[in-house]
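Colleague: Dumping the structure here so I can ask a few things about it.
Read the figures in this text as sums done on the coordinates, not as results from a lab. None of the values given here were measured: they were computed from a predicted structure. Cβ atoms come from the backbone with ideal geometry, glycine included; neighbour counts cover every protein chain shown.
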Ligand SMILES: Cc1ncc(C[n+]2csc(CCOP(=O)(O)OP(=O)(O)O)c2C)c(N)n1
Ligand code: SF4
C-alpha cells in the first residue's frame, strides 16, 4: 500500500518538490488519494482531480492527469458539470475546510442532496492555511488563530454530519495520523456510486499548530492520535467532553441511485 | 429548409442554443429569463442533453464551465442579480479559456429593481463585471429572429475563441412574440481539437490564431485547467513573463480578430447629418425614427450594434466622421455613450430612459430636432 511506484503514473515529477510546509499533511493526503486511484486501476485519462483554492488545492499542480482548479469554494459545482457531461469519469474533489465548509458549504449540501457521483476529500487543517491561519467554520471553539487571538467564538461545524443529513451515500472521517484507516476510507469513497465524502484531519503546523502551541507536525499527529476517537465512543460522550474530541469512522454507507442514473431513468419514462 | 414559428425571444434563444449544439444547461430561476430554463428542461433530455437546476447562479455558471470542459456545449440564462453573482466565474472562464454562453435578459434597475420590466443597464457589467484586465464578447439582439441568430452565433464564437460569450437581451424582447424563421440546420463551429502525439500536448500552447486547441476531460490528451496564472503546459506559475504573456494573449486572441464578430448594421444616407447609435430593443425605435426622418427629408442614419463588446470602434468612427450630430440611444444613463466618446466622438449626446419604459421613435425624432 505504501509503494510509491504505484502512484508514479499519476505524479508530475517535474513539479516536485511541492510548496507545502515541512510537516504539512497535504502531501500524505495526495499520496493516498493517488494510491486509491492506483489500487482501483483508474487510468490517467479517466480521472479528474478538481481542487479548491487553498494550500490543499495546490495538489493539482503535482499530478499529471486531468486537473481542474476553479474558484474558491465552487469546486463541487464545477465538478457537477464535469461529471454530468462525462459520467464515465472518476471525479475527485479535494478541498480545504474553508473552501468546502465556509464559502462552498452550499455546494456541499446540494452535491450531497443530489447524490452526485463525485468523491469529495476535505483536507481539514482546522484553519485557513493559504491566507495565513484565520479561523474557519471547522476551527474548534476557543482555538487561537490570526483572527481569533482570544479564542474562536462559536462551535466547530461538523461537515460530515451535514453531508450525511443532506443525502450523501458515503461519509467518513479520519486523520492523517490514522493512515491505514484513511486509505481504506478513500478506497471506499472512490468505490461508492453517488456522493461520497471523506474528511481528513490534517496538521497545519505553520499556523494552527503554532498559534495553539501544539508544537511541530509530530506533536500535531500525536494530538490527532489522542483526540480523534472512534465514532461509537464519541457518541457515548457527554457533550462537554465531545467538544475536546474529534470523531472518526464511517458515518453513512448507502446505495441510493445517483443523480445521473435517476435523471436518465426519468427521461426514459417520458 | 426553414420553418416559420411564432416565438418569444426567450424561446428563440433556447431553440438557438440547442440548434447550435448545446447539450447542457445549468441555471437558477429568475425573471425575465425563466422561460429559457423551463424550455431547456423540457427539450434537452430529448437530445440526450442535461438540464440541472443549481443552488444559485454561482453554481450554475460553474456547472456550465465544468460541462464545457467535459465536452458539452453549455449555457445558462439569467438576469441582473444572477448576472452579478456569475461574475467571478465568468472571469474564470476567460482565464481558463472555457467556451460557454451566458444569456443575460436585462431587467430594470440596480438590485432587485423591477423584475418584469426592461432595461439596458448591464452594458458595463458585461464588459467589466469580472475583475481585472480581460476581453469579453457580448452580443445584443434587437428582434426575436436575432435572439435566434445571435445566440447561435454566440455559441460559435465561444467555440472559435474559447471564451465566454454574453448575449444581452432584455425583458421586452424576451417576452415579445414575433415570427421567426428557424432553419433545419444552422452553421455550427466546433472547438479545435488536439492531434499528434499525446505526450507533447500542452493544453495552453496557442495555435496560430492565438487560441489553444482543447481536449475534453476524458481524452487521452491531458487537460490541466486552473484560474491561477499558468504556463503553456497548464501548470500554475508566478513568473512575470508568463503572467504578462498570458494576459496579453487572452486579450489579443479576441481584439485582433474582431472582423470575425457580427458587424454593426448601418441604415441611412452615405453622409448622414445625424447619426443614431443604438442596440437591442432601443435600436428598433431608432430605425423607425430614421424612416420617418427620411420622409421628412432629414438626413438621419442609424448604426445598430450587434456586437457590443469588443466595441466596434472603427465602424462607428468611420460613419460618424462627417456627421454633425451623434446621438446614442439606450435604456441606461449613457453606458455606451461613454464608449462612443472615448472613441473620439466627444460631441456625442445621449438619449436615455431609465424609468422602465422603452424608448419611442417620437422621442428620438424630437431629440434629433433639439440637437439640430
Ligand atoms: C472569493 C475568494 N475569497 C477569498 C479568497 C482568498 N482565499 C484563498 S485560499 C482561502 C482559504 C483557504 O483555506 P482552506 O480552504 O481551509 O484551505 P487551506 O489553505 O487551509 O488548505 C481564502 C480565504 C479567494 N481566493 N477567493
Ligand atoms: S500553511 Fe499549513 S496547510 Fe498550508 S502548506 Fe503550510 S502547513 Fe500546510
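Colleague: What is the antiparallel percent of DSSP beta bridges lying wholly in the protein assembly as shown, to the nearest 5?
Modeller: Counting DSSP beta bridges with both partners in the protein assembly as shown, the antiparallel share is about 25 percent.
Colleague: Would you mind putting B:142-149, B:177-184, B:317-324, A:242-249 in packing order, based on average other-beta-carbon counts within 10 Å, highest first?
Modeller: B:142-149, A:242-249, B:317-324, B:177-184
Colleague: Here's something else I'd like to know. Counting pairwise Cα distances across chain A, what percent come out greater than 33 angstrom?
Modeller: Above the 33 Å cut-off, chain A has 16 percent of its Cα pairs.
Colleague: If you count, for every residue in B:44-52, the Cβ atoms of partner chains within 10 Å of its Cβ, what is the mean?
Modeller: That works out to 4 on average.
Colleague: With angles folded into 0 to 90 degrees, how steeply does helix B:80-96 sit against the dominant principal axis of chain B? Use alpha carbons for both and round to 10.
Modeller: For B:80-96 against chain B, the angle is about 50 degrees.
Colleague: Just rank B:169, A:139, fewest to most, by other beta-carbon atoms within 10 angstrom.
Modeller: Fewest to most other Cβ atoms nearby, the residues stand as A:139, B:169.
Colleague: Here's something else I'd like to know. Helix B:280-295 versus the longest principal axis of chain B: what is the Cα-based angle in degrees, 0 to 90, to the nearest 10?
Modeller: Taking the Cα atoms of chain B, the angle to B:280-295 is about 30 degrees.
Colleague: I've got another one for you. Return the single residue from B:293, B:174, B:19 with maximal mean-square fluctuation; model: Gaussian network over chain B, springs between Cα atoms under 10 Å.
Modeller: Answer for the Gaussian network model of chain B: B:293.
Colleague: Would you give the gap between the C-alpha center of region B:12-69 and the C-alpha center of region B:129-158, rounded to a whole Å?
Modeller: Comparing the Cα centres of region B:12-69 and region B:129-158, I get a distance of 16 Å.
Colleague: Quick one: grab Rg to one decimal and Dmax as a whole number for chain B, Cα atoms only, in Å.
Modeller: 20.7, 69
Colleague: Which of these, B:335, B:120, B:106, has the largest mean-square fluctuation under a Gaussian network model of chain B (Cα springs below 10 Å)?
Modeller: Comparing B:335, B:120, B:106 in the GNM, the peak value goes to B:335.
Colleague: Running a GNM on chain A with Cα contacts under 10 Å, which residue among A:56, A:138, A:85 ends up with the highest mean-square fluctuation?
Modeller: So, out of A:56, A:138, A:85, the one fluctuating most is A:85.
Colleague: What is the mean number of Cβ atoms from other protein chains located within 10 Å of the Cβ atom of each residue in peptide B:67-74, rounded to a whole number?
Modeller: 6
Colleague: Classify region B:265-365 as rounded, prolate or oblate from the Cα gyration tensor: take a ≥ b ≥ c as the square roots of its eigenvalues, call it rounded if a/c is under 1.5, otherwise prolate when a/b beats b/c and oblate if not.
Modeller: It comes out oblate by the Cα gyration axes.
Colleague: If you average the sequence gap of Cα pairs under 8 Å that are 6 or more apart and divide by the length of region A:97-205, what percent do you get for the contact order?
Modeller: 32 percent
Colleague: Can you tell me the relative contact order of region A:183-270? Whole percent, Cα pairs under 8 Å, sequence separation 6 or more.
Modeller: Reported as a whole number, the value is 27 percent.
Colleague: Based on DSSP, what percent of beta bridges with both residues in chain A are antiparallel, to the nearest 5?
Modeller: 20 percent
Colleague: Hey, could you get me the Stokes-Einstein D for the protein assembly as shown, Kirkwood radius over alpha-carbon pairs, 25 °C and 0.890 mPa s, rounded to whole µm² s⁻¹?
Modeller: 94 µm²/s
Colleague: Is region B:45-186 rounded, prolate or oblate when judged by the Cα gyration tensor, a ≥ b ≥ c being the square roots of its eigenvalues, rounded requiring a/c under 1.5 and prolate requiring a/b larger than b/c?
Modeller: rounded
Colleague: Let me have the relative contact order for region B:104-223, percent, based on Cα pairs under 8 Å that are six or more residues apart.
Modeller: 22 percent
Colleague: Once you have a ≥ b ≥ c as the square roots of the Cα gyration tensor eigenvalues for region A:57-131, tell me rounded if a/c is under 1.5, and otherwise prolate or oblate according to whether a/b is larger than b/c.
Modeller: Oblate shape, in that a/c is at least 1.5 and b/c is the bigger or equal ratio.
Colleague: Would you tell me the mean number of C-beta atoms belonging to other protein chains that fall within 10 Å of each C-beta in A:83-93, as a whole number?
Modeller: 5
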